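Data block below; observations after.
Computed from the coordinates by the stated procedures, all read-outs in this text should not be read as laboratory data. Keep in mind that what you see is a predicted model, and the values were worked out from it rather than measured. We place every Cβ from the backbone using ideal geometry, glycine too, and count neighbours over all the protein chains shown.
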Amino acid sequence: MASSTKDSKDESTGQKNGQSSSQMIDLTKIKQELKAFKPDPTYVRKRTTRLGKLFDKVSDFIGTQESPNTIDEMYAKLDVEERTDDKLKRRKLVIHQLLEFLLQIHNLVPRSNQTDMIAIPLYDMKTVSTMVNIIVIEGVYTCLPQGIGFPLVKRRLKSFKIPLKVVKIPYPRGKSILEDIVNTFTEIYKTDSDLKNLLVVGTGYTDALTCCIVLAKDEPKYESTFKFLESISSTYQLFSLYGSLISQPLQQWFKLFVMNRLADLVVERAHNGVQSLIEVIMGLRESETVDVAKIDEVLKVLLTTKPSRLTKIEYLQNIGSQLYNILVHVNWPVMVSIVTQLLEQLYVKNPLIVRDFVFKRIWNIFNPDTRELSNDDENIMLTSEVELNNAFNVVLSITRTSGNEEFVRTMFEPITVPFWSYLLYQRKMSKDYGLTEKIFISVLARPDGNYTILNTLLNNLMAVDGRSWEFASGENGLTYIKEKFATKTNVDILDSVDFVATSFGELVKKLSAIDEEQVQYVFLKCLKAWLNADERLLTKDDENPFVGLINLKVIEYLSDNLKDSLTKSVDNTLELLYSVIKDEMKVHTETLNVISEKEDSDDEENDNNANLKIVFEILSTIITDGRLSSKSLKTVSNIQSALQSVDPDLSQRLSTIVSGKDIKEAENFTKEEQDIAIKQKALKNLADNSPPIRVHGLQLLRKLVESQSATTSLEFTINQHMLQLKDPEPFVYLNAIRGLEELLKFDQDLINNYLNIYSNPKINIDERLKLGEVILRYINFSGNALKNAGRIIGTTLAIVRKDSNHEVAMKTSAMSLLGSLCRNNPLATLNYMDDIMDCVFGILQLETNTDYAVLRRSAVVLVDDILSANDGLQLLGKYGKKLDTTLKYMVETDSDYLAREQALSVLSLIDDKFAQTFRETVNIH
């Protein structure tokens, strides 16, 4: 049985092998037969869709574009009744046919909201691109007047294979072609399609807009078309377009028109005009690295481009509103930092503009005037939820990103009390008040010898709402401000005293982590107010019965929770307590001399004794836990003597406390110890999470350096600033750059340290580039740059001569420094001109690949800087022939358009300089 099964399996296996073998033979035979067939290279698979057939037709019409006679070749394929030899008519018919093709494609590819797929196949995109390029070259550039639009060579129309040679048709002979182009593109742009979306951002839109400007000059009907074409483009695209246009050699009327449109766009596009202007000038869409010098350029543009149709007030209101709205977006740190820097610089130039057109909006929102309304609705809204939330965001943005104490103080002082009321309301309603508290801490932590904000706050701690308004919660849970009709009773106020004291105490506690001195100031201020020892005199009408109580509550909170901070420096506190006890001694003496006592004299004496006992408790705590200087010990002795005549028992108790303290070696607080404390505070601030606090830490270090403190070296301070250059927050690294500049103003010899860091390849290139901005400003604005010229030249040339492919940015930066030095201090560079020009020729003749285009541009700009200096032509005299040859060769052969254009500009400047020198020579003789 087993044998039979085995035989059957073998038979089955044999059959399968036989079948497999026969299959192999069949496949081999088939392959042999297929080799005899050859593919037909002329075969094209026919497309059956309407769009496919249309693209086949377009491809046949435009051909390969390898002939210089493009128009004639396409004209030959047109089906026309009568043939013509008129070149202009032929061109008009061909361009019209291409425009018709575009319109047909547009109608076949309407935009679908159901899919993100584009209806135009990828392999047909090239056909569309070629067709549009033909329209632009053979239609637009042929018919436009000279000096209008971009030079064609700058357009980089890559898909066009033949040389870009344009046969110009004198305007207005080709005007009808321009009209056909504008009308067709406008029709396409009016309805949504995949083709429209391609043309509105690429080649085609710019040309249609340029043609429309030309046509609208003589025909008013195209003015509305121009407005429509502008309306479909983004503000950023228009700024980029117009900004590039005005840098070209243009007809005067066209250039003036474009400049006026640039000015109008800033205010017409009120939702993002200023924002787009900043993005274009700062280059934020290419890189988020902030160039400080470009912020000055933005401000200059904003201050000099007011449209003539607007008054100055109307213009500033528009710009101020846009800047305010940008600051609302707290999660856009780069843009917010730039706008804050703009406002700071504007504030330095004209504080009233910032106050009236930005700050006042914040003030009015947080402290609105009561409206005169006749109804009794208790929910009359004075500030909406959105307005209050936006104003809060603006305050947050400014306090996060401004390092100018006066600027922040000016903004915040008028809203100190309403903002405190807002914090109390948020806490009371159990809402998130963390950011509100952080804003207060950020503002209070800034250096202010007069304690302006803090004093305002201390004088209004019980201001839980405004005089005529109060906070309320809206349907969305956000806070708004409504009109107040009912005044809070004394009972209501009394109930809130503990809550207010705790809220303020917690705020001071968090502030103490940054600045303990303010804890002592608050303690003394509240102690003065409570003991009625303040210099401020109150009338009965002004006096608040709860002032003493709230101050006492704050004193209690600080004594319980911040004892360490209070006892670190007690001189001022002891002086205050001594003055209080002297007053009590005076009152006690006068009372003894009164012969006829009043009825309430016992009560008054009891009150005085109660106050004196509280003062004694504070005094004993300070003496027991505090660090006493020799000055403090002398004050304690005076207090002890004064108490002897007022309350001998208290005097004896004080003597016991003092005797229990080791006072053999009274400690003197030296300046060095104070500086060490400031340095520790600075380092603590630098490690803080809040950007303004980190910047404050840098400021403290600079103050120590400027006061020539032995505790902090220049090198250490520079290193701390260099570390902050790595900070991702633009606000921090921009202030670090400014700080390095201030240190350089303090000690001009620091330029050597900066140059060493700048040339050190081991340091991060971004930090070196940022330091380069400091050196550049030193060269431009410091008269001492002359004596350090040799060091600067040697450093920059050494950087440029390094052959690392990864340091093009550093080489370009070094060339920029070198150029600024040549322009501002030409005499200082006289002995180094051979080395400088050797470097220039080396770059222009050897660094010819595409990656080094920006370096070649910087070399040409350096030559321009030398020529722009006084006697610049004489400085370049011996290199004139070689320079002329090199620049002319560059104009003809360089692969970078901008480099060619700059070389041409320098050649023109040389000719102008020669002509000027010749005229001056003739006039002399």
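Using only side-chain charges placed at the Cβ, +1 for Lys and Arg and -1 for Asp and Glu, the dipole size of segment 50-233 relative to its Cα centre rounds to 520 debye. Each of Thr401, Pro333, Val274 was scored by the projection of its Cα onto the charge dipole of segment 274-426, and the greatest displacement toward the positive side belongs to Val274; charges sit on the C-beta of Lys, Arg, Asp and Glu.
Going by Cα centres, segment 191-211 and segment 433-487 are how many Å apart? The two parts, judged by their Cα centres, are 52 Å apart. The length gained on full extension between Lys510 and Val80, counted as 0.36 nm times the residue separation minus their Cα-Cα distance, comes to 146.2 nm. Ranked by the mean number of other Cβ atoms within 10 Å of their residues, highest first, the peptides 82-90, 144-152 fall in the order 144-152, 82-90. Between Ser321 and Thr850, full extension at 0.36 nm per residue minus the direct alpha carbon distance yields a gain of 186.1 nm.
The share of alpha-carbon pairs in segment 741-876 lying farther apart than 18 Å comes to 51%.
Peptide packing for 300-311, 820-831 was compared via the average number of neighbouring C-beta atoms within 10 Å per residue; ordered from the highest value, the list is 820-831, 300-311. Here is the list for segment 716-804: trypsin sites (Lys or Arg not before Pro) lying in DSSP coil, each with at most 15 other C-beta atoms within 10 angstrom of its C-beta, are Lys726, Lys762, Lys787, Lys802.
The length gained on full extension between Glu517 and Asp838, counted as 0.36 nm times the residue separation minus their Cα-Cα distance, comes to 109.6 nm. May I ask you to list the residues of segment 761-795 whose amide nitrogen lies under 12 Å from a point 7 Å from Cα along the Cα→beta-carbon direction of Leu830? Flagged as within label range: none.
Sorted fewest first by neighbouring Cβ atoms within 10 angstrom, Thr289, Thr436, Thr64 come out as Thr64, Thr289, Thr436.
Rg over Rh for segment 671-747 works out to 0.95, both radii taken from alpha-carbon positions and Rh defined as the Kirkwood radius.
Judged by the mean number of other Cβ atoms found within 10 Å, the most tightly packed of the peptides 221-232, 312-323 leads the ranking 312-323, 221-232.
Considering all different alpha carbon pairs of segment 50-233, the Kirkwood hydrodynamic radius works out to 17.0 Å.
Loop-located GluC sites (Glu not before Pro) across segment 246-301 with a Cβ neighbour count of 15 or fewer within 10 Å are Glu286, Glu288, with loop assigned by DSSP.
Rounded to 0.05, the FRET efficiency of the Ser868 and Gln65 pair, given R0 = 56 Å and the Cβ-Cβ distance, is 0.80. For segment 50-94, how big is the tail of P(r) above 18 Å, as a whole percent of Cα pairs? So the pairs more than 18 Å apart make up 34 percent of the total in segment 50-94.
Once both labels are positioned 7 Å from their Cα atoms along Cα-to-Cβ, the gap between Leu909 and Asn689 label points is 5.1 nm.
Neighbours of Val860 by Cβ distance under 15 Å: Lys/Arg scored +1, Asp/Glu scored -1, total -1.
Between Val348 and Asp192, the simple label model (points 7 Å from Cα in the Cβ direction) yields a spacing of 4.8 nm.
For His271 and Lys431, FRET efficiency with R0 = 30 Å and r from the beta-carbon atoms, rounded to 0.05? After rounding to 0.05, the efficiency reads 0.50. Taking square-rooted eigenvalues a ≥ b ≥ c of the alpha carbon gyration tensor, is segment 806-900 rounded, prolate or oblate, where a/c under 1.5 means rounded and, failing that, a/b exceeding b/c means prolate? Since a/c reaches 1.5 but b/c is at least a/b, the shape of segment 806-900 is classed as oblate.
Cβ under 11 Å from Val705's Cβ, Val705 left aside: what net charge do those residues give with Lys, Arg +1 and Asp, Glu -1? So the surrounding residues net to -2.
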